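First the structure, in the form of structure tokens, and then the observations on it.
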Amino acid sequence: MMSTIAFLGGGRITGALCAGLRLGGFDEPLVVYDRNKDKLSSLRRESRVEIAHDLSSAMRSAAIVLIAVRPTSVAGLLDEMKALSERPKLCVSLAAGIPLRKLRTGTPGVQWVRAMPSPVCRVGRGLTALCFDRRVHRKQRTVVGRLFRRVGQVVEVPENRFDLFTATFSSSHGYHALARLSEAAQQAGLDRKTSLIAAAHALADGILYWRESGLSLDELLHEAATPGGIAAATMEAMDRAGYPRVVAKGLAAGVARARGNARG
């Protein structure tokens, strides 16, 4: 049986997770600690969260504590946790790039997990990457996995690949592609509304078909791109213009930023 879940930080990902958990039927207490009162008021209205007025009370009765602050704020938060007489047994860090070795330093007795949930968890169709410290035992792994499966799919990723996965799976890629494809269509002569409809259909429906058809990506590309056809010509021109290289550079920049968080 799950019990209280505490969030340290009331930003966007906390809002998405709380909304997704409530949508997924999670009725246990959700406690949030944040110094921004406006964020807390919004979360209370949207997801029936309870407000903690200090760090100690936020963690006191929590089965799991989720660290949901910016990477630059993690060190300060850990210092505050060190000063408390009682610390939680199980903590999950949502801070991109902060490795397990930094999280467990100075927090004896705390079992650490890294998690990277997609904001799409708000509607129950997210994806969460998990990475467990070797000290986390099987029962705790099951509890954490069950929690995040309420808001979508869960995949376990080794820590040495965690930052790369984080840079790859972001829903921002879909939004970015949608924006660029629709902009190109507008520049070529379509109106804005029609451009967005066409681009959204190309991206969302194509991926939905891939997920539900059982066909491989190679099979779908072969099916969609008739030799000498419009789709084939479009993709060939994109590749010649450096599309694969641009995507690879983007992922490399994302990984570099995550590693910069670890050094900070």
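Annotation for segment 146-153: no member residue is touching a residue at least 24 places away in the same chain (Cβ under 8 Å), in contact with a helix residue (DSSP H, G or I) (Cβ under 9 Å, 6 or more places away or on another chain) and either surrounded by fewer than 17 Cβ atoms within 10 Å (Cβ to Cβ) or farther than 30 Å from residue 204 by Cβ (or both).
Restricting the first member to segment 178-196 and to residues that are of a type outside the set (Lys, Arg), and the second to residues that are exposed (fewer than 13 other Cβ atoms within 10 Å of the Cβ) and part of a helix (DSSP H, G or I), the beta-carbon pairs closer than 7 Å and six or more apart or on different chains are 186/192. As an exercise: evaluate residue 125 against (1) modelled with pLDDT of 95 or more; (2) surrounded by fewer than 21 Cβ atoms within 10 Å (Cβ to Cβ) and give the number of the one condition it does not meet. For residue 125, the failing item is (1). Would it be correct to say that residue 139 is basic (Lys, Arg), assigned to a helix (DSSP H, G or I) and at pLDDT below 95? It is true that residue 139 is basic (Lys, Arg), assigned to a helix (DSSP H, G or I) and at pLDDT below 95. Of all the listed residues (247, 255), the sole one being part of a helix (DSSP H, G or I), under 27 Å from residue 167 (Cβ atoms), free of Cβ contacts under 8 Å to residues at least 60 places away in the same chain and among the hydrophobic types (A, V, I, L, M, F, W, C) is 247.
Of all residues in segment 52-70, at least one satisfies being more than 16 Å from residue 5 (Cα to Cα) and at pLDDT 90 or above. All conditions but one from (1) under 30 Å from residue 94 (Cβ atoms); (2) out of contact with any helix residue (DSSP H, G or I) (no Cβ under 7 Å at 6 or more places or on another chain); (3) of a type in the set (Asp, Glu) apply to residue 159; the one that does not is (2). Test residue 43 against the criterion of being closer than 23 Å to residue 261 by Cβ, in the same structural domain as residue 24 (by TED's automatic domain parsing) and modelled with pLDDT of 90 or more, and give yes or no. Judged against the criteria, residue 43 is not a match. Selection of segment 22-55 for residues being assigned to a helix (DSSP H, G or I) and in contact with a Gly (Cβ under 6 Å, 6 or more places away or on another chain) yields 23, 39, 40, 43.
How many residues does segment 1-14 hold that are within 20 Å of residue 54 (Cα to Cα) and out of contact with any Pro (no Cβ under 9 Å at 6 or more places or on another chain)? Of the residues in segment 1-14, 6 are within 20 Å of residue 54 (Cα to Cα) and out of contact with any Pro (no Cβ under 9 Å at 6 or more places or on another chain). In segment 1-16, what residues are farther than 10 Å from residue 121 by Cα, among the aliphatic types (A, V, I, L, M) and surrounded by fewer than 23 Cβ atoms within 10 Å (Cβ to Cβ)? Answer for segment 1-16, where residues must be farther than 10 Å from residue 121 by Cα, among the aliphatic types (A, V, I, L, M) and surrounded by fewer than 23 Cβ atoms within 10 Å (Cβ to Cβ): 1, 2, 5. Residue 92 falls short of the stated requirement of being over 20 Å from residue 124 (Cα atoms) and touching a helix residue (DSSP H, G or I) at 6+ places or on another chain (Cβ under 8 Å). Residue check: residue 167 meets all listed conditions (1) assigned to a helix (DSSP H, G or I); (2) more than 19 Å from the chain's Cα centre (by Cα) but one, namely (2). Scanning segment 13-22 turns up at least one residue that is touching a Lys or Arg at 6+ places or on another chain (Cβ under 6 Å) and not small (Gly, Ala, Ser). None of 128, 107 is in a strand (DSSP E or B), in contact (Cβ under 8 Å) with a residue 12 or more places away in the chain and either closer than 25 Å to residue 81 by Cβ or in contact with a Cys (Cβ under 8 Å, 6 or more places away or on another chain) (or both) except 128.
If you check 19, 115, 58, 96, which single one turns out to be assigned to a helix (DSSP H, G or I), surrounded by 14 or more Cβ atoms within 10 Å (Cβ to Cβ) and under 15 Å from the mean Cα position of the chain (by Cα)? Criteria check complete, one pass: 19. Residue 80 meets all of the listed conditions (1) of a type in the set (D, E, K, R); (2) touching a residue at least 24 places away in the same chain (Cβ under 8 Å); (3) assigned to a loop (DSSP other than H, G, I, E, B) but one, namely (3).
The values are calculated or read from the model by the stated rules, or taken from the named source; none is laboratory data. As the structure is a prediction and not an experimental result, all values here were calculated from the model. Counting neighbours? That spans all protein chains shown, and the Cβs are built from the backbone with ideal geometry, glycine included.
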